[in-house]
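Worksheet: one structure, shown below.
Every read-out reported here was derived from the displayed coordinates using simple, explicitly stated rules and does not represent laboratory data. What you see is a predicted model; the values in this text were computed from it and never measured. Please note: Cβ atoms are built from the backbone with ideal geometry, for glycine as well, and neighbour counts cover all protein chains shown.
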Amino acid sequence: MIQLKRYKNELIVGIALLLLLIALIYKQGVVSGQSDVSAGTSLQELKEVIALKKVWGDKKITKKVDKLKTIVSPSKVKWSKKSKKLTASFLNLSNQELNRVIIKIMNLAVEIQKLEVKKLGASYHVEFKCKW
Amino acid sequence: MENTKELILIYKDMNSVSSIPANGVNIMLTPQFYTIKREELPVKYAYQAKRIAPSLFDALLEDVQNHKYFVVKEENSWLFIAYDVEKIKTFLEQKGIELAQVSKVYFAEQVADLFTAPVLLGEKEALVNLNGTITVLPQIVLNPDEKPIRINTSFTPKKGVTFEGGGKSFLATTEAYTLASVFVLFAIIYFVEASRYGGENEAQVQEMQVLLENYPSLQSSYARKSISDKYRIIDKKERKKRDVIKVLSHMIFKGSTLTSFLIDDKKFQAQFACKDKSVAKKLQELAKKEKFNTSKVPNGNDIQIEGTL
């Protein structure tokens, strides 16, 4: 007891130092644990894959593509859809109709294989090929 | 705990101490080892009083520098006690008391009220409360009818001083407490940081688990990579195609009309009919800005713009 008291100051500093080391080791452990998670599959990466899948693997895309047929008069549309591929022609479109068709195509999450616009007199002719 | 320890009265003519309890002792010094002064001072705290203590003893002590000071607030005044640590240490060692065995050091003046009768110091002297001040007097002047008392643990005051361990300690108390405080402070900082990181980590893991439960097909890292690679390529290509369409649509303005446009997986091509040369020039500048290739269509102001994807 007396020996301990003699080195009381050293003991206090020693205990404080030990506490510091424990805290440091604990922190390092937590930080390295966190980097293990980042190294493997980070949450950010997973979120990105999910976002990409949501956009380009949209299961409702077929229905959305079908809506393209309805935005202009049916007489102006030639439609050929096979499996997950579409070939469509839009004939005699006015400026407004052309805008509507192009905007709709741009907002569809499909792979554009071919998009051709030709001006014939005052109207436009659009040919569109895509897959999803 | 301290108050239960044996209290030894230290005086000049005392005999050597033969045995000390294993848990150490408290000691009480007689006025032979200290000098007192009572002052009414307009200070509130002991540390303020302690600061001015050396100046109070200037005229009383020869070697003020070697003294330390103990200050106690009394009813209307401050009690200042000056003591020479080295002298006391030397005396205690001479009497067989190691400093490491001493828990606390007290001064008889602190408990003057308890000296209701003389306390004998050996055969010749006695400790007496003389008008409120503890004084050493020859036993010969004592009233023979007055029965002397002995001090015991009940004489232990609340506050005392601690002597550092006989020069055997490597660190002074102040240094030790400063160092320990710094270490503890850093330890607290590390613990707080660790808990913050840990919290974030746990939240991320939980969020990830929820996402993986909702998207079981992404649980395998290979599947995840394959899906990610596939869609990243599509995303990059399709975004580029749409960007080109958007940029070209901005090139349709007054005097500039789109006459044809074609885009596929590899390239794009657009032709604009321009009203005049200035419109054609403006169009060419816009296309250049986007790093598209431009060419003039012979016999007219039409501009052809093309590029690869």
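Could you compute the FRET efficiency for B:S195 and A:A122, with r as their C-beta to C-beta distance and R0 at 51 Å, rounded to 0.05? Write out the running numbers ahead of the final one.
On the way: r = 71 Å, r/R0 = 1.39.
That gives a FRET efficiency of 0.10.
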- Dipole magnitude of segment A:58-131 about its Cα centre, charges +1 at Lys/Arg Cβ and -1 at Asp/Glu Cβ only, in debye to the nearest 20? 380 debye
- Quick one: order B:L179, A:L115, A:L120 by neighbouring beta-carbon count within 10 Å, fewest to most. A:L120, B:L179, A:L115
- Message: Take the residue pairs A:K76/B:K267; A:K131/B:K288; A:K64/B:K230; A:K53/A:K129; A:K64/B:K225; A:K59/B:K236 and return only those whose Cα atoms are more than 24 Å apart.
- Response: A:K76/B:K267; A:K131/B:K288; A:K64/B:K225
- Item | Set A:K8/B:K89; B:K237/B:K282; B:K240/B:K296 screened for pairs whose C-alpha atoms are more than 20 Å apart | B:K237/B:K282; B:K240/B:K296
- Counting other Cβ atoms within 10 Å, keep those with at most 13, restrict to DSSP loop, and tell me which GluC sites (Glu not before Pro) in segment B:113-215 are left. B:E123, B:E146
- Task: For segment A:58-131, build the convex hull from the C-alpha positions and give me its volume per residue in Å³.
- Result: 73 Å³
- Spin-label model distance (nm) - A:L11 vs B:A22, 7 Å beyond Cα toward Cβ: 1.5 nm
- Task: Return the distance in nm (one decimal) between the two label points of a simple spin-label model at B:S295 and B:E74, each offset 7 Å from Cα along Cα→Cβ.
- Result: 11.3 nm
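Where nothing but the Cβ of Lys and Arg (+1) and of Asp and Glu (-1) is charged, how large is the charge dipole of chain A around its Cα centre, in debye to the nearest 20?
About 820 debye.
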- Which loop GluC sites (Glu not before Pro) in segment B:1-107, with loop taken from DSSP, have no more than 14 other Cβ atoms within 10 angstrom of their Cβ? B:E40, B:E62, B:E74, B:E75
- Note on the structure: Per GNM of chain B with C-alpha springs under 10 angstrom, the most fluctuating residue out of B:Q209, B:Q65, B:Q284 is B:Q284
- Note on the structure: Ignoring trypsin sites (Lys or Arg not before Pro) buried by more than 16 other Cβ within 10 Å or outside DSSP loops, the longest site-free run in chain B is B:169-253
- Item | Likely footprinting exposure, B:H250, A:H125, B:H67, fewest C-beta neighbours within 10 Å first | B:H250, A:H125, B:H67
- Let me know the longest stretch in chain B that avoids all chymotrypsin sites (Phe, Trp or Tyr not before Pro) found in a DSSP loop with at most 16 other C-beta atoms within 10 Å. B:46-169
- Message: For chain A, I need the span (max minus min coordinate) of the C-alpha atoms along each principal axis, in Å, sorted largest to smallest.
- Response: 108, 30, 20
- When we measure straight from the Cα of B:K68, which aspartates and glutamates land under 14 angstrom away, once same-chain ones fewer than 8 places off are left out? B:D58, B:D84, B:E86, B:E164
- Okay, helix-only estimate at 222 nm for chain A: each DSSP H run of n ≥ 4 adds -39500 (n - 2.57), divide by all residues, round to 500 deg cm²/dmol; what do you get? -17500 deg cm²/dmol
- Message: Eigenvalues of the Cα gyration tensor times 5, then square-rooted: what semi-axes does that give for the protein assembly as shown, in whole angstrom, largest first?
- Response: 102, 26, 18
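Do any trypsin sites (Lys or Arg not before Pro) in segment A:71-130 lie in a DSSP loop with no more than 13 other beta carbon atoms within 10 Å, and if so, which?
A:K84
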- Message: Please compute the average number of Cβ atoms from other chains found within 10 Å of each residue's Cβ in peptide B:172-178.
- Response: 3
